[in-house]
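Can you read through this structure? Questions will come right after.
The values are calculated or read from the model by the stated rules, or taken from the named source; none is laboratory data. Keep in mind it's a predicted model, so treat the numbers as computed, not measured. Using ideal geometry, Cβ is built from the backbone for each residue, glycine included, and neighbour counts are taken over all protein chains shown. Just so you know, the surface numbers come from the protein's heavy atoms only, side chains and all, with ligands and any DNA or RNA stripped out. Shrake-Rupley method; radii C 1.70, N 1.55, O 1.52, S 1.80 Å.
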Amino acid sequence: MPLPVASESEMRRRLIVALDVPDAHAAVAAAQLLQGHVGMLKVGLELFVAEGPEVVRRLRGEVPELEIFLDLKLHDIPNTMCGAIRSARSLGCRFITVHAGSGLAHLKACVAEAGPDLGVLAVTVLTSQDAAACAEAGHTRTPSELVPMRAAIARAAGCAGVVCSGQELAGVRAAAPGLACVVPGIRPAGADVGDQKRVMTPGQAIADGAGYLVVGRPILGAPDPAAAADAIVADMLAGAEAN
């Protein structure tokens, strides 16, 4: 599926800010500050465990123009995963994550439970893991080998997309053409990479075919988060125009 024509508004729609904050008050404050500068809010484990589903309802009420990406990385038996997706479906989220390593049958069950309005994203290999970390975990394949394999399974299962690092975009596009790629581990040039291992700049990720970018600390940790988001959007647009 071809991506829309590059524009500032389109790049902003494809920028997801990770609300890795401790409570609902901080989440709402960040969301209100960033509305008009990003397109989606990612609610992950830290915030969801602290506040529960109510934080999603509150965000949808406070900043209804921003979509919600529920990043819980579900990985369990199919019945349990489907139960969680059933509960999440009523929250009105755009995406929810599951681990691609769960396998084809698990992913198919999750997609069927999610229905047409909640997109299931399959997490391929965490961007905090490199080849050494994969080997320590018992994998016999490197991330560059595992990611395309898991992307192909996600496509076969009918997932809305995959979560992968920018470094594996070419492999994913070859193995699972048309599948949307959501890319975390995004760092502006010269930024601290923190605990990420497989990182890429916003412009390069878009040029390489990323569908959405997930950015947390470089935006929320900046002196002016809105300006930081705008700078990332500008870099995304430059990457799209250079492609």
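Looking at region 218-242, I want the residues that are touching a residue at least 40 places away in the same chain (Cβ under 8 Å) and have a partner that is among the basic types (K, R) with Cβ atoms under 6 Å, at least 6 apart or on another chain. Which pairs are those?
V233/R12
Follow-up. Just for region 1-15: of the residues that are surrounded by 13 or more Cβ atoms within 10 Å (Cβ to Cβ) and assigned to a loop (DSSP other than H, G, I, E, B), which one is nearest to the chain's Cα centre (by Cα)?
R14
If you check G61 against the conditions, is it in a loop (DSSP other than H, G, I, E, B), within 23 Å of D20 (Cβ to Cβ) and open to solvent by 20 Å² or more (accessible area, probe 1.4 Å)?
No: the conditions fail for G61.
So, one more: Among L72, L41, which is within 17 Å of V233 (Cβ to Cβ), free of Cβ contacts under 8 Å to residues at least 40 places away in the same chain and not in a helix (DSSP H, G or I)?
When all the criteria are applied, what remains is L41.
Condition test on L33, is it assigned to a helix (DSSP H, G or I), within 22 Å of P184 (Cβ to Cβ) and in contact (Cβ under 8 Å) with a residue 40 or more places away in the chain?
Yes: the conditions hold for L33.
Residues are listed down the side, and each one gets a yes or a no for (1) buried (at least 18 other Cβ atoms within 10 Å of the Cβ); (2) of a type outside the set (D, E, K, R); (3) closer than 20 Å to R155 by Cβ:
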| position | (1), (2), (3) |
| --- | --- |
| V17 | yes, yes, no |
| Q32 | no, yes, no |
| M40 | yes, yes, no |
| E54 | no, no, no |
| N79 | no, yes, no |
| G83 | no, yes, no |
| A109 | yes, yes, yes |
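If you don't mind, there's one more thing I want to ask. Tell me the helices (runs of 4 or more DSSP H) entirely within region 93-210 that contain at least 2 residues that are modelled with pLDDT of 75 or more.
In region 93-210, the matching helices (runs of 4 or more DSSP H) lie at 104-114, 143-157, 169-175, 202-207.
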